[in-house]
Amino acid sequence: MRLTAPLRGVVVVLLVGFTWLLASALFGGDSSLSVRNIFTGTKEEPTQSEPRPRKYKCGLSAPCPPKHLAFRLVSGAANVIGPKICLEDKMLMSSVKNNVGRGLNIALVNGVTGELLETRAFDMWAGDVSDLLKFLRPLHEGTLVFVASFDDAATKLNDESRRLFEELGSTAVKELAFRDSWVFVGAKGIENKSPFEQRMKNSKSSNKYEGWPESLEMDGCIPLRPPLEG
């Protein structure tokens with residue numbers, strides 16, 4: 001049985017279309033063409049995807065001015081996900097680096113050069129607050145102090161340890177309580193209260209996790225200090 005001329009033409013067009021689709025799938029042809037386009041001879045304009053916002057050091061949405069340090073602090077989530085301290089696109093403390101722990105996670109940074117001096121984690125549930133006091137008392141003028149809480153950061157705090165944080169510019173440490181979330185950046189010798197501090201109170205009515213408030217995240221730019229005279 002012979003096919004009529006019009007029917008043969010339809011079969012040829014279908015075979016050409018099928019062959020093009022198969023080749024496109026195998027070799028990555030122009031996916032903006034569809035079966036409808038083959039028959040109409042038109043081509044759809046590719047959809048323009050939204051450009052991704054550019055990220056800067058430590059994930060900031062804008063670059064810091066010259067002679068400023070970019071930072072990001074993230075407190076721990078419940079007692080499961082550890083805190084993070086990032087400075088100038090370098091992760092100073094995190095679970096991946098295996099240098100964080102329950103309580104207060106603290107990084108000391110030279111406020112003139114931005115150089116990392118030391119990182120320590122202090123257990124404020126079962127640890128000894130005297131270790132924290134020995135760490136904070138001898139800080140040099142201009143030292144930057146980055147703090148991120150994990151699980152419970154307040155049970156073992158005493159009056160002296162709270163006062164030492166207040167001298168670094170904290171206003172929230174006075175009321176910091178059991179399982180509160182806390183992130184803070186202060187400095188030895190600061191004249192005013194630090195603008196870099198957040199506290200989330202542990203409250204059954206508002207906790208994100210069972211027994212813990214939500215994690216806090218804070219970022220910003222810290223100006224470097226001029227070299228100390230003498």
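Being in a strand (DSSP E or B), among the charged types (D, E, K, R) and at pLDDT 95 or above, is that true of even one residue in the stretch 208-219? For the stretch 208-219, residues in a strand (DSSP E or B), among the charged types (D, E, K, R) and at pLDDT 95 or above: present. Total residues in the stretch 194-230 satisfying the condition of being open to solvent by 60 Å² or more (accessible area, probe 1.4 Å), out of contact with any helix residue (DSSP H, G or I) (no Cβ under 9 Å at 6 or more places or on another chain), farther than 22 Å from Cys86 by Cα and of a type outside the set (Asp, Glu): the figure is 9.
Matching residues to (1) over 21 Å from Gly76 (Cβ atoms); (2) in contact (Cβ under 8 Å) with a residue 60 or more places away in the chain; (3) buried (at least 21 other Cβ atoms within 10 Å of the Cβ); (4) not small (Gly, Ala, Ser):
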| position | (1), (2), (3), (4) |
| --- | --- |
| Glu115 | yes, no, no, yes |
| Phe122 | no, no, yes, yes |
| Gly127 | no, no, no, no |
| Leu139 | yes, no, no, yes |
| Gly142 | yes, yes, no, no |
| Phe146 | no, yes, yes, yes |
| Phe150 | no, yes, yes, yes |
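Applying the set (1) at positive phi; (2) of a type in the set (D, E, K, R); (3) in a strand (DSSP E or B) to Arg120 leaves exactly one unmet item: (1).
The values are calculated or read from the model by the stated rules, or taken from the named source; none is laboratory data. Values in this document were obtained by computation on a predicted structure and should not be read as measured data. Heads up, the Cβs are rebuilt from the backbone with ideal geometry, glycines too, and the neighbour counts pull from every protein chain shown. The protein model used for the area step is the full one, side chains on, heavy atoms only, and it has no ligands, DNA or RNA in it. Shrake-Rupley method; radii C 1.70, N 1.55, O 1.52, S 1.80 Å.
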